[in-house]
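Here is the structure we will look at.
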Amino acid sequence: MTARVLVLAPTRRARTETFVRANLARLPFAVEACFGDEIPWREPFKALYGLAVLTSKVCTRLGWLRLATLPASIVAVLLVRRHRPDVVMVEFGFHAVRVMELARTGVPLAVHFRGADASAERYVRRLEQRYRRLFQLTSAVIVKNQTMRSRLIALGAEPAQLLTSPSGADEQRFQGATPASMPPQFLAVGRFVSKKGPLDTLEAFALLRGLTDQADACRLVMVGDGPLLPVVQDRARQLGLEQFVQFPGVLSPDAVAQEMRRARVFVQHSRTAEDGDEEGCPVSVMEAQLCGLPVVATRHGGIPDVVVDQKTGRLVEEGDRQAMAEAMALLVDQPDLAAAWGAAGQLRAQARFTVAHHVDQITMLLNDLVGHSR
């Protein structure tokens with residue numbers, strides 16, 4: 001008999017929530033999903049859930065944190081009684097605290113932490129006591145990297161509850177890069193926000209131009225949008241790099257894969273934002289390695305779990321633009337090294353960092369929870 005899974009998530013519409021949609025599409029269960037930003041009037045229980053989450057958000061902003069848990073938890077209990085799931089999985093820790101009292105129904109509860117929900121002060125500091133309560137009610141907690149795991153243990157999670165599982169890259173889409181045969185083009189993919197370090201990436205590219213005789217052949221493509229995009233574009237103009245840096249905006253996954261096949265190197269200067277926000281395990285880094293690109297990135301979040309320094313790419317310290325520029329210059333001047341690192345990264349990603357691996361791990365976890373509850 002196929003197990004029934006109820007998935008509760010804050011949204012499925014944001015471009016950054018592609019991993020949530022990937023889970024829903026591939027999980028081998030009878031999945032019923034409800035989203036906090038949807039109010040489908042033809043489905044009264046789901047509409048009620050959306051309204052309850054809206055009420056919970058208002059209570060949270062007013063500082064009524066205990067009260068904020070009640071509306072969505074009550075509706076979540078009604079959803080459990082209606083759909084009779086064998087297990088409930090909630091996406092994001094901040095969303096889980098809204099519905100955590102549904103655990104009183106006796107249905108196992110798994111919570112999937114993703115990044116900011118386990119690092120940013122706006123969540124961790126404000127919700128610390130709520131998180132401690134959450135871990136008392138939760139059967140399992142999924143995290144993206146070892147740093148996140150340690151942080152949640154410090155907040156009260158039991159080590160036995162925790163599964164470390166990066167979201168993974170789509171092995172069917174990301175393949176075919178041939179970095180040695182490509183011109184020295186660098187690719188960055190991600191939102192233009194502080195923790196992605198887009199300005200650091202641009203500044204490193206500017207420094208690179210003084211480190212190689214092939215400066216005029218080098219290009220940087222920065223895919224994405226976000227609040228820092230105008231800042232980075234202005235800085236590119238100030239540096240006189242308009243003809244060397246492209247900003248194509250948000251691209252489809254297929255278009256991103258095509259850009260990877262045109263690139264020599266993938267670059268990402270992730271860093272801890274001022275509010276403490278950190279990466280989980282950046283999907284774009286896994287996509288690049290799976291595609292066969294060497295990666296130049298920072299020792300941040302789950303990136304060192306994916307990129308092996310001087311074997312599949314180069315890792316530098318957060319904020320060290322000069323070291324990043326030197327690593328980029330190395331791969332401009334040595335295309336065969338780029339090919340070797342890219343091939344090694346591809347083999348490692350195929351073995352550990354695909355969506356299929358992630359879904360298999362989640363499937364095993366949820367099956368174990370169902371088995372223990374029956």
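The values are calculated or read from the model by the stated rules, or taken from the named source; none is laboratory data. Quick caveat: nothing in here was measured; it's all calculated off a predicted structure. Because the Cβ atoms are built from the backbone with ideal geometry, glycine has one as well, and the counts that use them run over all protein chains shown. Protein only, heavy atoms only, side chains kept; ligands, DNA and RNA dropped before computing areas. Shrake-Rupley method; radii C 1.70, N 1.55, O 1.52, S 1.80 Å.
Points worth noting:
- Among (1) part of a loop (DSSP other than H, G, I, E, B); (2) on the phi < 0 side of the Ramachandran plot; (3) open to solvent by 10 Å² or more (accessible area, probe 1.4 Å), the one test that Leu293 misses: (3)
- Leading residue by the ranking (nearest to Arg4 (Cα to Cα)) among those in the range 98-124 that are among the acidic types (Asp, Glu) and touching a Gly at 6+ places or on another chain (Cβ under 8 Å): Asp117
- Some residue of the range 249-268 being over 23 Å from Gly342 (Cα atoms) and either open to solvent by less than 60 Å² (accessible area, probe 1.4 Å) or of a type outside the set (Phe, Trp, Tyr) (or both): yes
- Contacts under 7 angstrom Cβ, first residue in the range 348-363 being in contact (Cβ under 8 Å) with a residue 40 or more places away in the chain, partner open to solvent by 60 Å² or more (accessible area, probe 1.4 Å), 6 or more apart: Val355/Arg26; Val359/Arg26; Thr363/Pro28
- Scanning the range 19-35 turns up at least one residue that is in contact with a Leu (Cβ under 9 Å, 6 or more places away or on another chain), in a loop (DSSP other than H, G, I, E, B) and buried (at least 17 other Cβ atoms within 10 Å of the Cβ).
- Given (1) closer than 21 Å to Ala257 by Cβ; (2) without any contact (Cβ under 8 Å) to a residue 40 or more places away in the chain; (3) open to solvent by 30 Å² or more (accessible area, probe 1.4 Å), index of the condition Ile303 fails: (3)
- Condition met for Phe45 (among the aromatic types (Phe, Trp, Tyr), open to solvent by less than 40 Å² (accessible area, probe 1.4 Å) and over 30 Å from His300 (Cα atoms)): no
- Residue ID - surrounded by the fewest Cβ atoms within 10 Å (Cβ to Cβ), chosen from residues in the range 54-96 that are within 21 Å of Arg125 (Cα to Cα) and touching a strand residue (DSSP E or B) at 6+ places or on another chain (Cβ under 9 Å): His95
- Residue identified as among the polar types (S, T, N, Q), outside any helix (DSSP H, G or I) and modelled with pLDDT of 95 or more among Gln246, Gln258, Gln233: Gln246
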